[in-house]
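Notes follow once the structure below has been shown.
The values are calculated or read from the model by the stated rules, or taken from the named source; none is laboratory data. Remember, it's a predicted structure, so these values are computed and weren't measured experimentally. As a convention, Cβ positions derive from the backbone with ideal geometry for all residues, glycine included, and neighbour counts pool all protein chains shown. Quick note on the areas: whole protein, heavy atoms, side chains included, nothing else; ligands and nucleic acids left out. Shrake-Rupley method; radii C 1.70, N 1.55, O 1.52, S 1.80 Å.
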Amino acid sequence: MDQAESLREYMHRHQVQQEKKHNSRMITIASGKGGVGKSNFTLNFALALKSIGKKVVILDLDLSTANIDILMGASSSGNSLADVLHKRKYLFDCIEKGTGGIDYITGGLELQDLLLLDHENQVFFMNQIQELNSYADFILLDTGAGISKILVDFIIASDETILVTTPEPTSIADSYSVMKTVLQYTSQAPKFRLVVNRARSYREAIDTSRALKNACSVFLKMGLNTLGFLMEDAHVQKAVRSQSPFYLSYPNCEASKNMKQIMYTFLPDMEVNSPVPIKGVRGFFEKMLSLRK
Ligand SMILES: Nc1ncnc2c1ncn2[C@@H]1O[C@H](COP(=O)(O)OP(=O)(O)OP(=O)(O)O)[C@@H](O)[C@H]1O
Ligand SMILES: [Mg+2]
């Protein structure tokens, strides 16, 4: 039995009861091209969900530039998941409170480090991370720019991926590449939904989503649903400059109205009983372990 298998067995024996209580959905926010608005989307989407009583934790897994805290003007304690991995901290020491009471955790780890740990530390990490299951409805994973193997793994391991694109042809092409690359690593197409950001008109947003949808259908034989559109809105930049999320600073601006719409499209789908079981936090990390072997 290898390490990942023995860990799975241990988790199964010890954690089934806890798992039954609740299961957080792991939602990866990804893009092909960088700078298309993933972090702004993640933060403001989290705030929109929180405003109607959903419990959301943002996991900042952008290993190169951790900037969710900067967008909120928050200063974090410096604790990260890497500290849990090395048994220096408990998970709840790493959950920071940001603007609007949003919870976020800095990743700060290379997940392959998980495999290098001894069994006892792996179990400690998995037990700790699993506490999120009874804490959050949604865990939003903000990822870095560009298509890397680790991004592919995040996408395969999570319950759903929200792909953020802009109407620029380069961004559309890179979004398509993300889906194409992921399909090279798995026979079961993961759930993707599209958000078109920075569209200058609804026409442009619709054309962008149609272009991607058609490419997916023709070349990848895969359906692609659109979650929604966010218009180009100067309030987003103003909010970034003042380090205060637009959903809180400018609740009536176009981007905030778009975000509300996105949230109301997102939620009903989540509440319908999905034929695919939720992987949740445990499923996510177990899958990551098996993909990193
Ligand atoms: N809807 C919008 N309207 C106007 N400007 C926007 C909009 N969305 C994002 N921006 C601008 O794009 C910039 C980049 O956004 P953000 O940092 O969220 O991108 P990112 O995809 O997370 O980048 P990275 O790939 O580097 O992590 C923001 O600072 C803001 O100026
Ligand atoms: Mg970002």
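Just one residue in the set Asp69, Asp103 is in contact with a Ser or Thr (Cβ under 7 Å, 6 or more places away or on another chain) and crowded, with 18+ Cβ neighbours inside 10 Å; that residue is Asp69.
Consider the stretch 99-111 and keep the residues that are more than 16 Å from ligand 2 (Cβ to nearest atom) and of a type in the set (A, V, I, L, M, F, W, C). The one that is modelled with the highest pLDDT is Leu109.
What number of residues within the stretch 70-96 are assigned to a loop (DSSP other than H, G, I, E, B) and of a type outside the set (Phe, Trp, Tyr)? Count: 13. Taking first residues from the stretch 70-82 that are farther than 16 Å from Pro245 by Cβ and partners that are at pLDDT 85 or above and assigned to a loop (DSSP other than H, G, I, E, B), the Cβ contacts under 7 Å between residues at least 6 apart in sequence or on separate chains come to Asn79/Lys89.
Scan the stretch 218-227 and tell me whether some residue there is among the polar types (S, T, N, Q), open to solvent by 40 Å² or more (accessible area, probe 1.4 Å) and not in a strand (DSSP E or B). For the stretch 218-227, residues among the polar types (S, T, N, Q), open to solvent by 40 Å² or more (accessible area, probe 1.4 Å) and not in a strand (DSSP E or B): absent.
For Ala234, the criteria (1) under 21 Å from Ser51 (Cα atoms); (2) within 12 Å of ligand 1 (Cβ to nearest atom); (3) open to solvent by 50 Å² or more (accessible area, probe 1.4 Å) hold in every case but one, which is (1). When you check Leu114 against the structure, is it at pLDDT below 95, open to solvent by less than 50 Å² (accessible area, probe 1.4 Å) and under 18 Å from the mean Cα position of the chain (by Cα), yes or no? No: the conditions fail for Leu114.
Of the listed requirements (1) modelled with pLDDT of 90 or more; (2) under 24 Å from Thr165 (Cβ atoms), Thr65 misses just one: (1). Residues in the stretch 48-66 that are crowded, with 18+ Cβ neighbours inside 10 Å and within 16 Å of ligand 2 (Cβ to nearest atom) were compared, and the one that is farthest from the chain's Cα centre (by Cα) is Ala66. Taking residues in the stretch 128-155 that are over 19 Å from Leu194 (Cα atoms) and more than 15 Å from ligand 2 (Cβ to nearest atom), and partners anywhere that are open to solvent by 40 Å² or more (accessible area, probe 1.4 Å) and assigned to a loop (DSSP other than H, G, I, E, B), the pairs with Cβ atoms closer than 6 Å and at least 6 places apart or on different chains are Asn133/His22; Asn133/Asn23; Ser134/His22; Ala136/Lys55; Asp137/Lys54; Asp137/Lys55.
The number of residues in the stretch 183-208 that are in a helix (DSSP H, G or I) and not polar (S, T, N, Q) comes to 8. For the stretch 69-94, how many residues are at pLDDT below 85 and either closer than 22 Å to Val196 by Cα or among the hydroxyl-bearing types (Ser, Thr, Tyr) (or both)? Count: 3.
Number of residues in the stretch 54-83 that are touching a strand residue (DSSP E or B) at 6+ places or on another chain (Cβ under 9 Å), under 28 Å from Ser148 (Cα atoms) and more than 16 Å from ligand 1 (Cβ to nearest atom) equals 8.
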